[in-house]
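The block underneath contains the structure these notes are about, expressed in structure tokens.
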Amino acid sequence: MTELIFTATARGEFSGVDISCQCALGRGGVIDAAQKREGDGASPLGTWRLKRVFYRPDRVARPETDLPIIPLAEHDGWCDAPDHPLYNRPVTLPFAASHEKLWRDDHVYDLIVEISHNDDPVIPHLGSAVFMHLSRDDFRPTEGCVAIPRDQMLAVLRLANPESFVEIQP
């Protein structure tokens, strides 16, 4: 497998392997990953492995990729409660602790790529649910994720393999 690195910058540029497009990063800017905190809206500076893909099977076809793929269901969520044992992990709804719904009314989570930020080990309060997902038409800032248009996301997924990364730069 060939290592691939895609780059997202605070200037709103995403690029790598014949892909170049606009992107959105966190409303809190790009900060050192060690300074990232839950709810700060910042994107973590660094290079993060693309781990697995979640997709809405009622809205998009199963994407072509060499990454592991998981179809979403209405009961899927992600724990963002820093003191919970499942912090920064997928959960099944209903879920009593604070969480994010992955099955959303808007389209930004129709395709989600889990990245390796704060996952091994998970450190409480260091940030959760930092994904690569679909951008809004106006490219408004995210809550800390990398967001790109659907066509470019599908192109990234076609190229991606377990040795692929996204590098978040200032």
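The values are calculated or read from the model by the stated rules, or taken from the named source; none is laboratory data. For clarity, every value in this text was computed on a predicted model and none was experimentally measured. Because the Cβ atoms are built from the backbone with ideal geometry, glycine has one as well, and the counts that use them run over all protein chains shown.
Based on what the data block shows, is Cys23 of a type outside the set (A, V, I, L, M), touching a Ser or Thr at 6+ places or on another chain (Cβ under 9 Å), more than 26 Å from Asp138 (Cβ to Cβ) and buried (at least 18 other Cβ atoms within 10 Å of the Cβ)?
On the way: of a type outside the set (A, V, I, L, M): yes; touching a Ser or Thr at 6+ places or on another chain (Cβ under 9 Å): yes; more than 26 Å from Asp138 (Cβ to Cβ): no; buried (at least 18 other Cβ atoms within 10 Å of the Cβ): yes.
In short, no.
Being surrounded by fewer than 21 Cβ atoms within 10 Å (Cβ to Cβ), without any contact (Cβ under 8 Å) to a residue 24 or more places away in the chain and under 26 Å from Asn161 (Cα atoms): is that true of Pro94 here? Show your work before the answer.
On the way: surrounded by fewer than 21 Cβ atoms within 10 Å (Cβ to Cβ): yes; without any contact (Cβ under 8 Å) to a residue 24 or more places away in the chain: yes; under 26 Å from Asn161 (Cα atoms): no.
Taking the combined requirement at face value, the residue does not satisfy it.
Here the stretch 97-125 is the region considered, the condition is being closer than 24 Å to Phe14 by Cα and of a type in the set (A, V, I, L, M, F, W, C), and the residue that is surrounded by the most Cβ atoms within 10 Å (Cβ to Cβ) is Val113. Among all residue pairs at least 6 apart or on different chains, which show Cβ distances below 8 Å where the first residue, located in the stretch 54-82, is surrounded by fewer than 16 Cβ atoms within 10 Å (Cβ to Cβ) and the second is polar (S, T, N, Q) and not in a loop (DSSP other than H, G, I, E, B)? Note: pairs meeting the criteria are His75/Thr92. When you go through (1) within 26 Å of His125 (Cα to Cα); (2) acidic (Asp, Glu); (3) over 14 Å from the mean Cα position of the chain (by Cα) one by one for Glu3, which number turns out not to apply? Here Glu3 clears every test but (1).
Where in the stretch 32-85 are there strands (runs of 3 or more DSSP E), lying fully within it, with 3 or more residues that are modelled with pLDDT of 95 or more and either more than 25 Å from Ala97 (Cα to Cα) or polar (S, T, N, Q) (or both)? Walk me through it before giving the result.
On the way: elements: 43-55, 69-71, 76-79.
By residue number, 43-55.
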